[in-house]
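The values are calculated or read from the model by the stated rules, or taken from the named source; none is laboratory data. Small disclaimer: the values here were computed from a predicted structure and weren't measured. Virtual Cβ from ideal backbone geometry, glycine too; neighbours counted across all protein chains shown. To get the accessible areas, we keep the full protein, side chains included, count just its heavy atoms, and leave off ligands, DNA and RNA. Shrake-Rupley method; radii C 1.70, N 1.55, O 1.52, S 1.80 Å.
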Amino acid sequence: MKKFFCVAFAFFIQGIYHSQEAKKTLPCYDLTEVLKVEPTLLYKPHLDASKSFGIKILKDSKAVQKYINNGKFHKISKSGKGYKVQKLDYSRAWMVSKGKLMLERIGTRFSKETKGNTFTVSSITRTLEDQCRLRKVNTNASLGISSHNYGNSFDISYVRFDGVLKNNSRLEAALEKVLKYYYNAGRIYYIKERQQSCFHITVKNY
């Protein structure tokens, strides 16, 4: 009888262990449900532009690493002419080459327009796993596919310039002027996100 209880207890412990392991390995998102979410008319061009780069939806770190290894993703410097990247808790500082180039061009043009000021990049490339984690702390995060999931989008704060969190209408207007220039040139799409206090920028495969 004692032996029976020992065996039963061992199976019980093993069952808990395997259950916990399964929870660790299962993704925190349901891809079928994520794909069901229809983008808004404003956002659809962003996703269409993202899909043109030949990057599959980034599900996890392994997917990002694959594109790093084959040379399709390029490291974004922590700072450059006209910009600084804040500490990224829910995204990764890697993008397709045209994304990296466009960020640098926007930064250089902004610096020139403002005689040396810098803006702050608040988010870059996100996996679906990253998006899940973000949603736990920010209910405004996208429930569906985001253009961040393809490595060609980034966010620029319009309330943080030169590392200072403060509204600055002059620098905000200067930043949007630069974005409009590249939008009119057919290089980007952008949306002013009021809840996140940032410009969401998606680079086109021009």
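For residue 94, what charge total do you get from the other residues with a beta carbon under 9 Å from its beta carbon, if Lys and Arg give +1 and Asp and Glu give -1? Numbers along the way, then the final one.
Numbers: positive: 75, 92, 100; negative: none.
Residues close to residue 94 contribute a combined charge of +3.
Return the equivalent ellipsoid semi-axes of region 82-206 as a descending list in whole Å, where each equals the square root of 5 times an eigenvalue of the C-alpha gyration tensor. Provide the component values of the computation, followed by the final result.
Details: eigenvalues 100, 58, 31 Å².
Result for region 82-206: semi-axes of 22, 17, 12 Å.
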So what is the relative contact order for region 86-168, in percent, with contacts set as C-alpha pairs under 8 Å and at least six apart? 37 percent
Over region 165-206, what percent of the accessible surface lies on carbon and sulfur atoms, probe 1.4 Å? 43 percent
Rg in Å to one decimal, and Dmax rounded to a whole Å, for region 113-173 via C-alpha atoms: 14.1, 39
Quick check: residue separation of residue 33 and residue 165 times 0.36 nm, minus the Cα distance between them. What number comes out in nm? 43.9 nm
Calculate the all-directions average of the projected area of region 59-149's alpha-carbon convex hull, and give it in nm². 6.1 nm²
At 7 Å along the Cα-to-beta-carbon direction for both residue 101 and residue 62, put a label point, then send me their distance in nm to one decimal. 3.2 nm
Long-range HN-HN contacts of residue 125 with modeled amide H, under 5 Å: 92, 94
Residue by residue through region 187-204, what is 3J(HN,Hα) from phi via Karplus (6.51 cos²θ - 1.76 cosθ + 1.60, θ = phi - 60°)? Round to whole Hz and write x for glycine and proline. 9, 9, 10, 8, 10, 8, 8, 5, 5, 8, 6, 8, 9, 8, 10, 10, 7, 8
Give the lysines reachable from residue 59 as a straight Cα distance under 22 Å; neighbours fewer than 8 places away on the same chain don't count. 23, 24, 36, 44, 51, 72, 75, 87, 98, 100, 136, 204
Which value, in debye to the nearest 20, gives the size of the charge dipole of region 45-201 about its Cα centre, when Lys and Arg are +1 and Asp and Glu are -1 at the Cβ? 300 debye
